[in-house]
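The values are calculated or read from the model by the stated rules, or taken from the named source; none is laboratory data. It should be emphasised that the depicted structure is a prediction, and the values quoted were computed from it without experimental measurement. We place every Cβ from the backbone using ideal geometry, glycine too, and count neighbours over all the protein chains shown. Surface areas here come from the heavy atoms of the whole protein model, side chains and all, with no ligands, DNA or RNA. Shrake-Rupley method; radii C 1.70, N 1.55, O 1.52, S 1.80 Å.
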Amino acid sequence: MKQIEAFTLGKKFGHPELNEDSMVIMPDLGYAVIDGVTDRNGTRYDDMLSGRFASRTVKRALEQFLLGRNDPDKPHLHYKGPEWLISYLRDAIRRGYEENGALAAAEANWKVRAGCTLMIAFHDDEYLEVVSVGDSGIRINGSETVQPLKPLDDVTAILRREAWHFFEAKGLPIKECDRMSGMLTWQGTRNQVAGSDTSDPAVLQIIEERSLAACRAHLPTVPDWELLELIHNGIAHGQGNFQNVTDRVLGYGGLDGFELPSKYIVTKRYPISEIDTIELFSDGYFELGAEFGTASWEEAFRQVEKEDLHKIGRYMSVKGTTEVQLTDDRTYLGIRLR
């Protein structure tokens, strides 16, 4: 190993303790970027919001695995393949529920589960083993990129974009466009508080119709009922119904302490002799750096912010940058082997 560069920044200005991203940096053993899923309702475990708890729990378990996997006295940490590793990390979150007296609640209600995505790269004899779940990414030698994005996010991003443009056309200031479109994206069109400024049935019908039409054009193979479930119920009330299921077109994988179908585990294996650079990153980067290193990746981040600050254009997202926070936590980890 010749060089390591690492950078992480939470999205909420002035609150680094709320950063839900984690990194594992263990030279010649392994590396990871772990992205905690933003909690839906303020649920806490070990005095941490659930996304940060999941991220930190998986980080600790992965470090223990990397340290002990070749120890003859720790057979429970010996590597038995990608599905075994994900199950091992899943069980770490599950034990966290048990320690917090919350396993039954988490089993019964996905809204209180702690979740994360992760990208892992570790040394396995003469190879680099890559194991991932979710939308964190890796780039090898500056050219081959693996980042399993989920189309489901496009549905709620389109809902936000259509709502944002509707309120903008009504002459509302940017701050209100952000707030009101965010309420619809988070809660869905059918869960707005009665009497609030986002609950007008006529307005909601227009936004629903526009969002559905745009989603149909963008995702023509997805059935209307899946699109409408997300439009009506948003991230807080609908998205969890799509996680770790295999019978929905928009299904996706996430590590949350419960069963994760193997179709959502992505694996790659590379001869280490053919690798010069390894770069891992969370989905807070909407464009990759042109070159290896934090400076290049941060320049790519600045260009995205300059072009689409509110994330309603080419980089549409379920959140945008506002006066109190960035669009997302972001993490970069670069390793130059030679």
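The residue that is farthest from the chain's Cα centre (by Cα), counting only those in the range 31-42 that are at pLDDT 95 or above and of a type outside the set (A, V, I, L, M), is Y31.
Condition check ((1) surrounded by 19 or more Cβ atoms within 10 Å (Cβ to Cβ); (2) touching an Asp or Glu at 6+ places or on another chain (Cβ under 8 Å); (3) of a type in the set (D, E, K, R); (4) farther than 17 Å from K319 by Cβ) across all residues:
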| residue | (1), (2), (3), (4) |
| --- | --- |
| W164 | yes, yes, no, no |
| K170 | no, no, yes, yes |
| P173 | no, no, no, yes |
| C177 | yes, yes, no, no |
| D197 | no, no, yes, yes |
| V203 | yes, no, no, yes |
| E208 | yes, no, yes, yes |
| A213 | no, no, no, yes |
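Checking each residue of the range 131-148 against the condition of being more than 24 Å from G81 (Cα to Cα), open to solvent by less than 40 Å² (accessible area, probe 1.4 Å) and in contact with a helix residue (DSSP H, G or I) (Cβ under 7 Å, 6 or more places away or on another chain) gives no match. Only residues that are part of a loop (DSSP other than H, G, I, E, B), among the β-branched types (V, I, T) and over 30 Å from W186 (Cβ atoms) were counted across the range 271-321, and they come to 1.
Counting the residues of the range 13-36 that are surrounded by fewer than 23 Cβ atoms within 10 Å (Cβ to Cβ) and either among the hydroxyl-bearing types (S, T, Y) or assigned to a loop (DSSP other than H, G, I, E, B) (or both) gives 7.
The single residue among G195, G171, G182 that is under 23 Å from the mean Cα position of the chain (by Cα) and small (G, A, S) turns out to be G182.
So which residues in the range 1-40 are of a type in the set (D, E, K, R), touching a Lys or Arg at 6+ places or on another chain (Cβ under 9 Å) and closer than 20 Å to Q325 by Cβ?
Applying the first criterion (of a type in the set (D, E, K, R)) to the range 1-40 yields 2, 5, 11-12, 17, 20-21, 28, 35, 39-40.
If we keep only those that are touching a Lys or Arg at 6+ places or on another chain (Cβ under 9 Å) as well, we get 2, 5, 11, 17, 20-21, 39-40.
The answer is K11, E17, E20, D21, D39, R40.
The set of residues in the range 300-310 that are without any contact (Cβ under 8 Å) to a residue 40 or more places away in the chain and either aliphatic (A, V, I, L, M) or open to solvent by less than 80 Å² (accessible area, probe 1.4 Å) (or both) comprises A300, F301, V304, E305, D308, L309. When the residues of the range 220-239 are filtered to those that are farther than 29 Å from E83 by Cβ and outside any helix (DSSP H, G or I), the one that is least open to solvent (accessible area, probe 1.4 Å) is P223.
Against the conditions (1) acidic (D, E); (2) within 23 Å of I335 (Cα to Cα); (3) within 22 Å of the chain's Cα centre (by Cα), D28 satisfies every one except (3). One residue stands out among those in the range 240-271 that are within 26 Å of I140 (Cα to Cα) and touching a Pro at 6+ places or on another chain (Cβ under 6 Å): the one that is surrounded by the most Cβ atoms within 10 Å (Cβ to Cβ), which is I265.
Residues in the range 66-83 that are touching a Leu at 6+ places or on another chain (Cβ under 8 Å), open to solvent by less than 80 Å² (accessible area, probe 1.4 Å) and in contact (Cβ under 8 Å) with a residue 24 or more places away in the chain: L66, Y79.
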